[in-house]
There are 2 protein chains.
Amino acid sequence: MKKLKRSGRLVDMTHYLIQHPHQLISLRYFSERYQSAKSSISEDLTIVKEIFEQEGIGSLYTVPGASGGVKYIPTVVEKEAEAFIQEFCQELSDPERILPGGYLYMMDVLGAPQKMNEVGRLYASLFANEQVDAVMTVATKGIPMAYAVASFLDVPVSIVRRDHRVTEGSMVSINYVSGSSKRIQTMSLARRSLPEGANVLILDDFMKAGGTVRGMVDLLKEFRANVVGTGVLVESEDVEERLVEDYISIARLTEVSERERSIALEPGNYLTKLKEVKAHAHDLHEGST
Amino acid sequence: MKKLKRSGRLVDMTHYLIQHPHQLISLRYFSERYQSAKSSISEDLTIVKEIFEQEGIGSLYTVPGASGGVKYIPTVVEKEAEAFIQEFCQELSDPERILPGGYLYMMDVLGAPQKMNEVGRLYASLFANEQVDAVMTVATKGIPMAYAVASFLDVPVSIVRRDHRVTEGSMVSINYVSGSSKRIQTMSLARRSLPEGANVLILDDFMKAGGTVRGMVDLLKEFRANVVGTGVLVESEDVEERLVEDYISIARLTEVSERERSIALEPGNYLTKLKEVKAHAHDLHEGST
């Protein structure tokens, strides 16, 4: 690579860091990449860090020492998260979206990569300081958000299937009861798609009673995996008995009537959780000074 | 937003452009965002453009005039694409991946967001100058790459289903013959998930005879849509009669034997196509001067 001036380094470094979230990049790497002294690289990173934090792009952690370096952690600003969630609820509150059975047409939202990337940033921000080894979801509609979250956390995605396809080798299957329909169903995950003992973040696009999420939790037991958390894009309030207690939702469907063509959504508990996490991080920080 | 110095503007601008590929951003937007004169913003963009092009991050197109602005187009450098594809073939050439029926275990690769992002950049780069309105794939395994491509092209994703789920409203279904198994199957797409007459890029993770892709082409006819192109991550060479002629593959499976536990992959036709597109763009450019 050609020797770059500071302005050039800042552009390339910003791109590089954004492409490699949660990865420790050594000062030496940048120093060699730009043929510049480590002291100049350090100064560059101070500028990048200031802007990333000021503009809410994320945090830049510096790890000192010989094996040290810098790590970019994507985060969200509370105000921006709130604005996004408000707009998201607004967009979904359209009677045209009401489907038979009180379901919601969301494929357009799930099919919008920029929107899913924003959702990905929200969850990745919340779990930034947790040990997450993998993200798990169930085919088909949970996949987009799972990828977005995984991309920001730099972890692999495991996709649970409801069908039995022969092309994935040995599978682990469990039966579960769909919370809404009360029917017994099967879900499977390829044995080699998740290492034993992994710390897993469960994600799905929609949760009614929580049978599917409950099934994923049970399936994870077969892999001796730990559930780090559960995120659902939209939860439905109209539930007699919730099978899952601890989850983080972006939006909550509070009302949906096919007959009256009425629908209402409000923000889920995401913002409350974000505030908790930020307060906790702040306490830790205060405690350490 | 606080008034920023050039160094700060370069960092934030790089981030902003990367988050908004293929979108026209007005000079005025940046000028207001940074409370800086348009002339300064123009100088910033000249620096960003130089580095983006020099480091192979992408192109920056400037659209002059009152409604003008700047557009970031992600691209790949041929050499880097080649290195990625070589490594990709290497990674897949592992006898442990052989599954019954001559299939290949690829879930780990498909489950790696950074890898899929790279694949996304490859296809987005190839189709950067085509009019693509949407990306289409079939559930489940094509979804990750479809999202990655769509994210770089800033277009929505349409997901074709092999099952009938009631939660997506009215569906358009067709029957198709799976090329390898010769069985008649059904695929469906929600009516409202694709506008009529859209220009669509078809993507899938694996292609044997091409029955699934052929099915998607037929399904698109029902939407009066145009096929802009077809991308398959891995194609299998072992095919008597190919149902699809024109497609772009990253890798080609040239040999797979369950009995002998042998497997071989080579680069697909992607690089040849990339060279053609680049030569064509060069000709156009030469012609215009």
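Of the conditions (1) surrounded by fewer than 19 Cβ atoms within 10 Å (Cβ to Cβ); (2) in contact (Cβ under 8 Å) with a residue 24 or more places away in the chain; (3) within 19 Å of the chain's Cα centre (by Cα), residue B:222 fails just one. Which one is it? With (1) surrounded by fewer than 19 Cβ atoms within 10 Å (Cβ to Cβ); (2) in contact (Cβ under 8 Å) with a residue 24 or more places away in the chain; (3) within 19 Å of the chain's Cα centre (by Cα) applied to residue B:222, the lone miss is (3).
Scanning the range A:126-161 for residues that are touching an Asp or Glu at 6+ places or on another chain (Cβ under 6 Å) and more than 20 Å from residue B:142 (Cα to Cα) yields a total of 0. Scan the range A:109-134 for residues that are over 11 Å from the mean Cα position of the chain (by Cα) and over 18 Å from residue A:198 (Cβ atoms) and the total you get is 7.
Each row is one residue, and each column tells you yes or no for (1) of a type in the set (A, V, I, L, M); (2) under 26 Å from residue B:168 (Cβ atoms); (3) in contact (Cβ under 8 Å) with a residue 12 or more places away in the chain.
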position	(1), (2), (3)
A:191	no, no, yes
A:211	no, yes, yes
A:226	no, no, yes
A:231	no, yes, yes
A:237	no, yes, yes
A:240	no, yes, yes
A:247	no, yes, yes
A:251	yes, yes, yes
A:265	yes, yes, yes
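If you go through the range B:1-26 and pick out every residue that is over 16 Å from residue A:50 (Cβ atoms), surrounded by fewer than 21 Cβ atoms within 10 Å (Cβ to Cβ) and more than 7 Å from chain A (Cβ to nearest Cβ), you end up with 9.
If the condition is being more than 8 Å from chain B (Cβ to nearest Cβ), part of a helix (DSSP H, G or I) and buried (at least 24 other Cβ atoms within 10 Å of the Cβ), then the range A:126-147 contributes A:145, A:146.
Listed by first and then second residue, the pairs linking a residue in the range B:51-65 that is under 15 Å from residue B:13 (Cα atoms) to a residue that is of a type in the set (Asp, Glu), with Cβ atoms under 8 Å apart and 6 or more places separating them unless they lie on different chains, are B:51/A:12; B:57/A:12; B:59/B:53; B:60/B:53. Scanning the range B:4-22 for residues that are in contact (Cβ under 8 Å) with a residue 24 or more places away in the chain and among the charged types (D, E, K, R) returns B:6, B:9. Comparison of B:137, B:167 shows that the only residue that is among the hydroxyl-bearing types (Ser, Thr, Tyr) and over 16 Å from the mean Cα position of the chain (by Cα) is B:167. For the range B:150-169, the condition holds for no residue, the condition being that it is at pLDDT below 95, among the hydroxyl-bearing types (Ser, Thr, Tyr), in the same structural domain as residue B:82 (by TED's automatic domain parsing) and surrounded by 20 or more Cβ atoms within 10 Å (Cβ to Cβ).
Any residue that is closer than 23 Å to residue A:114 by Cβ and more than 11 Å from chain A (Cβ to nearest Cβ) - is there at least one of those in the range B:76-89?
Restricting attention to the range B:76-89, the residues satisfying the condition of being closer than 23 Å to residue A:114 by Cβ are B:76.
Among the residues that remain, those that are also more than 11 Å from chain A (Cβ to nearest Cβ) are: B:76.
Yes, the range B:76-89 contains at least one residue that is closer than 23 Å to residue A:114 by Cβ and more than 11 Å from chain A (Cβ to nearest Cβ).
On the stretch given as the range B:191-203, residues that are touching a Ser or Thr at 6+ places or on another chain (Cβ under 6 Å) and either surrounded by 19 or more Cβ atoms within 10 Å (Cβ to Cβ) or outside any helix (DSSP H, G or I) (or both) total 4. Residue B:282 passes every criterion in (1) more than 30 Å from residue B:172 (Cβ to Cβ); (2) modelled with pLDDT of 90 or more apart from (2). Kindly check whether there is at least one residue in the range B:159-169 that is of a type outside the set (Asp, Glu) and either more than 26 Å from residue A:99 (Cβ to Cβ) or in contact (Cβ under 8 Å) with a residue 40 or more places away in the chain (or both). Within the range B:159-169, one or more residues are of a type outside the set (Asp, Glu) and either more than 26 Å from residue A:99 (Cβ to Cβ) or in contact (Cβ under 8 Å) with a residue 40 or more places away in the chain (or both). Elements of the type helices (runs of 4 or more DSSP H) sitting completely within the range B:1-104 and holding at least 2 residues that are at negative phi, of a type in the set (Phe, Trp, Tyr) and out of contact with any His (no Cβ under 7 Å at 6 or more places or on another chain): these cover B:27-33, B:78-92. Residues that are basic (Lys, Arg), within 14 Å of chain A (Cβ to nearest Cβ) and either under 17 Å from residue A:190 (Cα atoms) or buried (at least 22 other Cβ atoms within 10 Å of the Cβ) (or both) do not occur anywhere in the range B:104-116. Is it the case, given these coordinates, that residue A:181 is in contact with a strand residue (DSSP E or B) (Cβ under 8 Å, 6 or more places away or on another chain) and more than 14 Å from residue B:111 (Cα to Cα)? Considered against the rule, which asks whether it is in contact with a strand residue (DSSP E or B) (Cβ under 8 Å, 6 or more places away or on another chain) and more than 14 Å from residue B:111 (Cα to Cα), residue A:181 comes out as no. Restricting attention to the range A:219-261, and to residues there that are of a type in the set (A, V, I, L, M, F, W, C) and part of a helix (DSSP H, G or I), which single residue is nearest to residue A:209 (Cα to Cα)? Looking at residues that are of a type in the set (A, V, I, L, M, F, W, C) and part of a helix (DSSP H, G or I), I get A:219.
Going through A:236, A:193, A:158, A:151 one at a time, which residue ends up being small (Gly, Ala, Ser) and more than 10 Å from chain B (Cβ to nearest Cβ)? Steps first, please.
On the way: A:193 fails: more than 10 Å from chain B (Cβ to nearest Cβ); A:158 fails: more than 10 Å from chain B (Cβ to nearest Cβ); A:151 fails: more than 10 Å from chain B (Cβ to nearest Cβ).
Of the residues listed, the single one that is small (Gly, Ala, Ser) and more than 10 Å from chain B (Cβ to nearest Cβ) is A:236.
Within the range B:82-101, restricting attention to residues that are in contact with a Ser or Thr (Cβ under 9 Å, 6 or more places away or on another chain) and of a type outside the set (Gly, Ala, Ser), the residue that is surrounded by the most Cβ atoms within 10 Å (Cβ to Cβ) is B:98. Residues that are at the interface with another protein chain (Cβ under 9 Å from one of its Cβ atoms) and β-branched (Val, Ile, Thr) within the range A:27-60 comprise A:47, A:48, A:51, A:57, listed in sequence order. Looking across the range A:161-185, the residues that are closer than 19 Å to residue A:224 by Cα and away from chain B (no Cβ under 13 Å) come down to A:172, A:173, A:174, A:175, A:176. Can you tell me which of (1) under 18 Å from residue A:81 (Cα atoms); (2) free of Cβ contacts under 8 Å to residues at least 60 places away in the same chain; (3) crowded, with 16+ Cβ neighbours inside 10 Å is the one residue A:270 doesn't meet? It is condition (2) that residue A:270 fails. Report whether or not residue B:45 is more than 23 Å from residue A:3 (Cβ to Cβ), among the aliphatic types (A, V, I, L, M), in contact with a strand residue (DSSP E or B) (Cβ under 7 Å, 6 or more places away or on another chain) and not assigned by TED's automatic domain parsing to the domain that holds residue B:237. No: the conditions fail for residue B:45. Residue A:193 meets the conditions (1) at pLDDT 95 or above; (2) farther than 18 Å from residue A:119 by Cβ; (3) of a type in the set (S, T, N, Q) in every case but one. The failed one is (1).
The values are calculated or read from the model by the stated rules, or taken from the named source; none is laboratory data. Computed from a prediction, not measured in an experiment: that's the story for all the values here. Backbone-built Cβ (ideal geometry, glycine too); neighbour counts: all protein chains shown.
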